[in-house]
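The values are calculated or read from the model by the stated rules, or taken from the named source; none is laboratory data. In this text the structure is predicted, and so the values were computed from the model without any measurement. Glycine gets a Cβ as well: all are built from the backbone with ideal geometry, and neighbour counts include every protein chain shown. These area figures cover heavy atoms from the full protein model, side chains too; ligands, DNA and RNA do not enter into them. Shrake-Rupley method; radii C 1.70, N 1.55, O 1.52, S 1.80 Å.
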Amino acid sequence: MSEQEIEPENSSSGAPIYRYENVEPEPFSLASGDEESIEAISRHIEQHVGPVTGVFHELISDKVHLDVHIVAPTKDFPFYTLVTSGMSDLPMTVPADAESPAYAELCILLPSTWPLSDVGQADSTPTDEAYWPIGWMKFIARFPHEYHTWLGSGHTIPNGEQAEPYAADTKLGCMLLLPSISLPEEFRELRVTDEKTIHFYCLYPIYKEEMELKMNKGVDALLDKFDEAGISDVIDVARPNVAKKKGFLGLW
C-alpha cells in the first residue's frame with residue numbers, strides 16, 4: 001500500500017499525520033549490499049567526519065542491506081557518529097507535491113561515554129540501554145521501504161501511539177529527523193550521480209510532550225525551545241524536557 005492510499009489526519013499545525021498501525025508491511029525480500037554505494041558513503045563519512053573505526057554488519061537483510069558505520073570520538077567531534085548505509089539503495093516513495101529527496105541515510109550522535117562495547121548484535125533487543133539508538137536507526141531506515149512511504153526533514157516517528165520510553169534509563173520516546181547541527185554542512189549531501197543525491201538526516205530523540213508541541217505548533221516552535229535550552233543533537237538520555245508543562249496551571 002502506498003502512502004497516497006492512506007488517508008492522513010491533520011495536526012493542529014496543519015502537518016499531515018500518517019498512521020500505519022493497520023497497514024501490512026511488504027513481505028520479506030532478501031537484499032544484499034551495493035558495494036559501490038557502501039564505499040562511496042564510507043569515503044563521504046571519512047572525508048567530513050573521520051575514520052570509520054567499526055561497522056555493525058547485517059547478516060540477513062530485508063528490503064535493503066543496512067550497515068551502521070561507527071566513527072569514534074575525535075577532538076573535532078567529541079562524540080560517536082553512527083551512520084547508516086543501505087537505506088539509499090532504493091528510492092523512497094515521495095509524493096509528487098512533497099519536493100523532498102528520494103534518497104536518504106541516517107546518522108545518530110552518541111556521547112563519548114556511551115557503552116558501545118556492550119552492544120552485541122546476536123542478543124541485543126530494541127529496549128537495551130546501549131542498543132536502542134542503533135535498533136531505531138535500522139528500523140527507521142527500513143521503514144519507508146517496508147510501507148512504500150517516505151521520510152524527510154521535520155518528520156517524527158514515535159515509539160508507539162504514546163511514544164513510550166526507549167529504555168529504562170530514559171523517557172525519550174520519539175525520533176525527529178533533521179540535519180545535524182554538530183557535523184559539517186558538507187556532510188548533509190552526497191551526490192552519487194546526476195540522478196542520485198543522498199541526503200543525510202540526523203535522528204534527534206525527543207519526549208512525548210515535545211512531539212505533541214511539534215504536532216500542535218510546528219517544528220519551528222520546538223526548535224526555538226531547543227535553542228533556548230541549548231539542546232544538542234548528541235543524545236543525552238536525561239536532558240531537560242523543553243515542552244514539559246510547568247506550574248499548577250499547566251502552562252508551558
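Report the full-extension gain for the segment E195 to E161: residue separation times 0.36 nm, less the Cα-Cα distance, to one decimal in nm.
Full extension of this stretch gives 8.6 nm more.
Mind checking the dipole of region 65-170: about its Cα centre, +1 per Lys or Arg Cβ, -1 per Asp or Glu Cβ, Debye to the nearest 20?
My answer is approximately 220 debye.
For region 25-102, what's the relative contact order in percent, using C-alpha pairs closer than 8 Å and at least 6 residues apart?
About 27 percent, as a whole number.
With respect to the cross-link table entries K138/K171; K75/K225; K138/K225; K75/K208, which display a Cα-Cα separation exceeding 25 Å?
Violating the 25 Å Cα-Cα cut-off are K75/K225; K138/K225; K75/K208.
Suppose a student asked you for the relative contact order of region 36-163, using Cα pairs under 8 Å spaced at least 6 residues apart; what percent would you report?
RCO, region 36-163: 20 percent.
Under 12 Å Cα-Cα from K245, which aspartates and glutamates qualify once same-chain neighbours fewer than 8 residues away are excluded?
E209, E210, E212
Give me the percent relative contact order of region 135-207, please, defined on Cα pairs under 8 angstrom at least 6 residues apart.
27 percent
Report D118's accessible area, 1.4 Å probe, all protein chains in place, as a number in Å² to the nearest 10.
Surface accessible to solvent at D118 totals approximately 110 Å².
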